[in-house]
Amino acid sequence: MKNLLSIRSYSTKPTRHSHQFNQLVLPLRGVINISVGNFNGKVAPSECVVVKTNEEHLFTANTEARFVVVDIETLPSNILSSNCVVFAINTSLSRYLTFIENQLENKVNAQLERAMFEMFNLLLAEEPLLPKVDNRIGTAISFIEQNIAGKLNIKCLAESAFLSETQFKKLFKQQTGLTVMKFITKARMEKAQALLTHTDYPLPIIGEKVGFKQPSAFSRRFSQYFGISPNKFKK
């Protein structure tokens, strides 16, 4: 069996089988209803379900649903060492799936397909394997990612999740392992680190792109988080 990326749809008729290779199913549109391992439920876009070698699974999906399916000989170590059957994927991998779909549906190029698989595997190995999150918390996380440069507070995020502020803070911590504000700080600092490494934006612009209007406030928070000033980091 060779490592393979493909775009698939599934039958509305329940199907039960197993195969002699590992398989990952990542919804692009629609959901898959699947029973595998200790999981029995729906897997939606921005999530991934892992079916290991010879693991019997039962599944069904609407005909209009579409999925990136990955047949893979060896799972990366982060998945092998985890008990997660279904996990949330980050924005980078989610966007890469769209590229995979566009490429596979429009062009046959064996060399590029191998390169896409290798890139997928590298991105997958970086996933923190956060457990499948409540849809309301998933919505709030998407809001954070899309508005990382803006003013983010508990009130607006709770409203995006249709929860009270108290319910939101409690559920967010349960689902992600971090308080809301620590999660936001982590997202902002990781983006700032990437911008400092890979772009030539001046520090004030980078600060603005991660939600800091004052360069001094950005420098102080970055230094607290990484133990080094953004100026020294960039050098």
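The values are calculated or read from the model by the stated rules, or taken from the named source; none is laboratory data. Note that the structure is predicted; figures quoted are calculated from it, not measured. When we count neighbours, we look across all protein chains shown, and the Cβ atoms used for this are built from the backbone with ideal geometry, even at glycine. Calculation scope for accessible area: heavy atoms of the full protein, side chains included, ligands and nucleic acids excluded. Shrake-Rupley method; radii C 1.70, N 1.55, O 1.52, S 1.80 Å.
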Worksheet item: Against the longest alpha carbon principal axis of the chain, how many degrees, from 0 to 90 and to the nearest 10, is the axis of helix 135-146 turned?
Response: 50
Item to complete: Averaging sequence separations of C-alpha pairs under 8 Å and six or more residues apart, then dividing by the length of the chain, give the relative contact order as a whole percent.
Response: 15
Worksheet item: Averaged per residue, what accessible surface does the chain expose to a 1.4 Å probe, in Å²?
Response: 56
Worksheet item: Helix 165-176: angle to the longest alpha-carbon principal axis of the chain, degrees 0 to 90, nearest 10?
Response: 60
Worksheet entry | ³J(HN,Hα), Karplus 6.51/-1.76/1.60, whole Hz, each residue of the range 152-157, x for Gly, Pro | 10, 9, 4, 4, 5, 6
Worksheet item: Along the range 182-188, what does the Karplus equation 6.51 cos²θ - 1.76 cosθ + 1.60 (θ = phi - 60°) give for ³J(HN,Hα), rounded to whole Hz, x for Gly and Pro?
Response: 5, 5, 5, 4, 4, 4, 5
Discussion item. Under the √(5λ) rule applied to the eigenvalues of the Cα gyration tensor, what semi-axes describe the equivalent ellipsoid of the range 161-223? Give them in Å, descending.
Written reply: 28, 12, 10
Item to complete: Holding the Cα-Cα limit at 28 Å, pick out from Lys13/Lys170; Lys173/Lys234; Lys182/Lys209; Lys155/Lys191 the pairs that are longer than that.
Response: Lys13/Lys170; Lys173/Lys234
Fill in: Computed helical MRE - 222 nm, the chain, DSSP H runs ≥ 4 contributing -39500 (n - 2.57), nearest 500
-14000 deg cm²/dmol
Discussion item. Out of the chymotrypsin sites (Phe, Trp or Tyr not before Pro) in the range 155-235, which ones are loop residues according to DSSP with at most 16 other C-beta atoms within 10 Å?
Written reply: Phe162
Practice prompt. Would you please give the residues with an amide H less than 5 Å from that of Asn62, counting only those at least 5 places away or on a separate chain, with H modeled from the backbone geometry?
Written response: Val31
Response to the item:
Taking a ≥ b ≥ c as the square roots of the eigenvalues of the Cα gyration tensor, with a/c under 1.5 meaning rounded and otherwise prolate when a/b exceeds b/c and oblate if not, the range 1-99 is rounded
Worksheet item: So how much slack lies between Gln167 and Thr91, counting 0.36 nm per residue of separation and subtracting their Cα-Cα distance, in nm?
Response: 24.9 nm
Discussion item. Beyond 21 Å, how much of the Cα-Cα pair distribution for the range 87-160 remains, as a whole percent?
Written reply: 44
Worksheet entry | Within the range 33-94, chymotrypsin sites (Phe, Trp or Tyr not before Pro) in DSSP loop having at most 12 other beta-carbon neighbours inside 10 Å | none
Discussion item. I need the Kirkwood Rh of the chain: take the reciprocal of the average 1/r across all distinct C-alpha pairs and report it in angstrom.
Written reply: 19.7
Fill in: Cα-based Rg of the range 59-112 normalised by 2.2 N^0.38 Å, two decimals
1.38
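Write down the Kirkwood hydrodynamic radius of the range 1-54, to one decimal in angstroms, obtained as one divided by the mean of 1/r over all alpha carbon pairs.
12.2
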Worksheet, complete the sentence: For the range 123-130, in residue order, the Karplus 3J(HN,Hα) values (coefficients 6.51, -1.76, 1.60; θ = phi - 60°; whole Hz; Gly and Pro = x) are 5, 4, 5, 8, 5, x, 6, 5
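For the chain, with all protein chains present and a 1.4 Å probe, just round the carbon and sulfur fraction of the accessible area to a whole percent.
Roughly 50 percent, rounded to a whole number.
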